[in-house]
Amino acid sequence: MPHVVVDPITRIEGHLRVEVDVNDAGTVTDALSSGTAWRGLELVMKNRDPRDAWAYIQRICGVCTTAHAVCSVRAVEDALGIAIPKNANYIRNIMAATLTVQDHIIHFYHLHALDWVSPVEALAADPTATANLQTSLLGAYRLPLTGPGMSTEAFEHDFPAATPQYFAAIKDRVQAIVASGQLGIFAAQWWDHPDYKILPPEVHLLAVAHYLEMLDKQREIITPHVVFGGKNPHPHYVVGGMPCAISLTDGNAPINTARLAIVDRAINMGRSLVNNFYIPDLIAIGNIYVRAGKVDGGGLAKSRVLSFGSYPLDSYTGTSNGNFFDNLLIRSNAVVENFALGVANTTVYPLTTADLTRNDALTEGVQHAWYEYPMSAKADLHPWEGITKDKYTGPKEGTGTMWQTLNENGKYSWLKTPKWRGRLCEVGPLAKYIVIYTKFMRGLLPEPTWAEKMMVDQINAVTGVLGVPAEVWMPTMVGRTACRALDAHLNAEINRFFFDKLIANLKTGDVQTVNNEKWFPDSWPKKCMGVGLYDAPRGALSHWVVIEDGKIANYQCIVPTTWNACPRDDAAGHGAYELAMMDTHVADSSKPLEIARVIRSFDPCMACATHLYNAKGEEINSFSTSHY
């Protein structure tokens with residue numbers, strides 16, 4: 001039975017190693033997911049000023065920096081009892097929606113696309129047929145805009161080219177790259193894998209063309225971070241609001257009408273890219289894969305998903321008092337079990353304040369992680385009681401610096417294992433969409449918001465195209481990728497929605513962006529605790545802070561990748577990555593494209609180098625893959 005090792009899987013911050021056992025039928029009988037790097041930022045936070053927490057902790061990641069920053073300020077504001085002004089809430093939501101649109105576009109085109117499409121296959125495409133395909137996709141696969149926003153532009157500036165000349169030029173560029181033998185960003189993939197024959201050559205050429213276009217276009221989407229946060233990555237925040245003064249009348253103000261117009265254009269560009277490129281490309285590829293029977297890779301999504309909910313409509317008084325949950329545009333704060341059995345057979349557990357404050361509801365364990373808890377501590381600890389103490393034990397075979405196989409029966413990852421009421425959950429856009437769809441269909445969303453209605457309309461539209469029920473296509477590898485595209489489509493409209501609310505509020509004369517009533521430590525309690533929640537592009541994110549005598553006494557983060565990539569638990573079972581791999585068929589263990597593809601469907605990192613081992617632990621071959 002081949003033992004396949006993919007290490008590292010990269011392309012975002014951090015490093016990931018996976019190991020799978022594959023039998024002769026291509027069934028994965030066991031899987032292991034290992035986070036192989038640890039920086040200990042929780043320890044860096046100790047004894048620091050909580051007002052500075054956001055600046056340190058957003059260095060967790062250079063991609064989704066604003067996600068950690070906003071979660072951090074929410075945690076501190078929850079602990080100190082600070083309600084931010086309306087404008088600050090709107091701006092934070094705009095920055096969050098901006099990040100989500102850009103992040104998903106980058107993931108689909110630059111981190112995940114080459115798992116589905118091939119520049120080599122594109123060389124067989126007919127440019128005229130590709131141009132005709134582009135026109136037909138725009139007519140068939142653009143989803144209806146059911147959000148409240150209306151474009152302020154006379155016409156869309158960002159529209160896919162659909163001429164034979166354009167696609168002939170792209171084909172010539174790709175041909176030159178392939179002929180040179182130096183594939184660069186297209187290097188070292190298993191281009192002879194049979195899955196690349198599933199799509200017609202014209203789909204390959206169209207997708208490669210858009211891959212190249214998005215390398216430039218995605219940069220423009222993120223400019224709201226520069227306007228409101230001063231820079232990107234790592235834009236600025238402040239406890240109590242946002243650090244940007246606004247005036248609609250003073251041309252010298254940091255945020256004036258000219259800079260608001262820049263934000264307006266960036267938001268409209270994001271909407272155009274999602275509606276005209278991303279959604280049609282995604283549905284075209286996904287439709288062909290689903291109709292070819294590629295509905296594997298669902299794993300934990302079939303049995304249990306978790307979401308926190310998204311986008312406070314207005315300012316709120318806190319998270320741990322429940323007001324955050326009462327004020328959401330997307331009320332996905334719940335756990336849904338058994339979605340694959342159909343909506344009628346699901347169990348829905350609302351995620352409430354009790355789940356935040358009970359010490360046995362949201363916890364982390366270290367049974368198979370390279371950490372240890374004191375003998376006096378419980379096996380699973382609430383984040384406010386969390387302990388970050390390393391205990392590296394090495395691999396099962398190999399040395400501390402040259403692993404062969406990791407110890408699945410012992411400790412094997414630098415990630416802890418998060419649990420909800422003792423159970424493991426998948427998080428991410430797929431989880432959020434499963435929760436909203438289930439709650440809507442079960443009548444658990446009284447007076448759905450426009451965003452919740454849009455999510456259900458999106459799912460129904462895709463279901464109509466694919467011709468299979470939502471419970472069949474959603475909890476799969478394709479469904480996980482598709483829901484990320486739907487989330488980009490939704491967030492592009494959310495961006496417009498909150499920008500319109502910001503402008504309308506500014507026109508009333510309210511230009512306040514920060515509440516500094518509790519800025520000084522002498523106004524704080526001697527000891528307090530807070531939590532910040534955010535459904536980030538990769539899923540449910542939470543930051544937990546304990547403040548004592550004006551300093552951080554404990555800081556813990558449970559991030560989406562911790563939920564999904566965590567090591568197994570002897571009682572609760574495998575995490576989302578491990579179960580997704582075990583739910584994936586592998587055609588050829590010497591070319592484990594399916595394993596890499598299902599892992600990348602979660603939007604983690606891509607492999608820089610892949611090592612394959614046989615059952616005896618001997619190295620068979622080594623493959624290098626592109627990394628940038």
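The values are calculated or read from the model by the stated rules, or taken from the named source; none is laboratory data. Computed from a prediction, not measured in an experiment: that's the story for all the values here. Virtual Cβ from ideal backbone geometry, glycine too; neighbours counted across all protein chains shown. To get the accessible areas, we keep the full protein, side chains included, count just its heavy atoms, and leave off ligands, DNA and RNA. Shrake-Rupley method; radii C 1.70, N 1.55, O 1.52, S 1.80 Å.
Remarks
- Selection count, the range 284-337, where residues are within 16 Å of Cys71 (Cβ to Cβ) and assigned to a helix (DSSP H, G or I): 1
- When the range 102-115 is filtered for residues that are more than 21 Å from Glu220 (Cα to Cα) and open to solvent by less than 10 Å² (accessible area, probe 1.4 Å), only Asp115 remains.
- Of everything listed in (1) closer than 28 Å to Tyr56 by Cα; (2) open to solvent by 60 Å² or more (accessible area, probe 1.4 Å), the single unmet condition for His225 is (2).
- Flag for Val343 being in contact with a Lys or Arg (Cβ under 9 Å, 6 or more places away or on another chain) and open to solvent by 10 Å² or more (accessible area, probe 1.4 Å): yes
- With respect to the conditions (1) part of a helix (DSSP H, G or I); (2) over 23 Å from the mean Cα position of the chain (by Cα); (3) over 28 Å from Val514 (Cα atoms), Ala258 lacks only one, and its number is (3).
- Restricting the range 518-571 to residues that are of a type in the set (Ser, Thr, Tyr) and not in a strand (DSSP E or B), the residue that is surrounded by the most Cβ atoms within 10 Å (Cβ to Cβ): Thr561
- Taking the range 379-400 as the range and being surrounded by 15 or more Cβ atoms within 10 Å (Cβ to Cβ) and not in a loop (DSSP other than H, G, I, E, B) as the test, the residues that pass are Asp380, Leu381, Pro383, Trp384, Glu385.
- In the range 440-472, residue surrounded by the most Cβ atoms within 10 Å (Cβ to Cβ) [restricted to those that are in contact with an Asp or Glu (Cβ under 8 Å, 6 or more places away or on another chain) and closer than 19 Å to Asp326 by Cα]: Ala451
- Residues (open to solvent by less than 30 Å² (accessible area, probe 1.4 Å), over 23 Å from the mean Cα position of the chain (by Cα) and within 15 Å of Asn93 (Cβ to Cβ)) located in the range 311-340: Tyr316
- Residue match in the range 44-64 (condition: under 18 Å from the mean Cα position of the chain (by Cα), polar (S, T, N, Q) and surrounded by 16 or more Cβ atoms within 10 Å (Cβ to Cβ)): yes
- Criterion: hydrophobic (A, V, I, L, M, F, W, C), under 29 Å from Asp30 (Cβ atoms) and open to solvent by less than 10 Å² (accessible area, probe 1.4 Å) - qualifying residue of Trp420, Trp403: Trp420
- Test result for Arg480, touching a residue at least 24 places away in the same chain (Cβ under 8 Å), open to solvent by less than 30 Å² (accessible area, probe 1.4 Å) and under 14 Å from the mean Cα position of the chain (by Cα): yes
- Yes/no for Ala580 being part of a loop (DSSP other than H, G, I, E, B), in contact (Cβ under 8 Å) with a residue 60 or more places away in the chain and in contact with a Gly (Cβ under 8 Å, 6 or more places away or on another chain): no
- Top-ranked residue in the range 583-600 [being part of a helix (DSSP H, G or I) and of a type in the set (A, V, I, L, M, F, W, C); ranked as nearest to Thr29 (Cα to Cα)]: Ile595
- Odd one out for Pro233 among (1) free of Cβ contacts under 8 Å to residues at least 12 places away in the same chain; (2) assigned to a loop (DSSP other than H, G, I, E, B); (3) closer than 27 Å to Arg600 by Cα: (1)
- Among the residues of the range 340-371, those identified as part of a helix (DSSP H, G or I) and of a type in the set (Gly, Ala, Ser) are Ala340, Ala344, Ala354.
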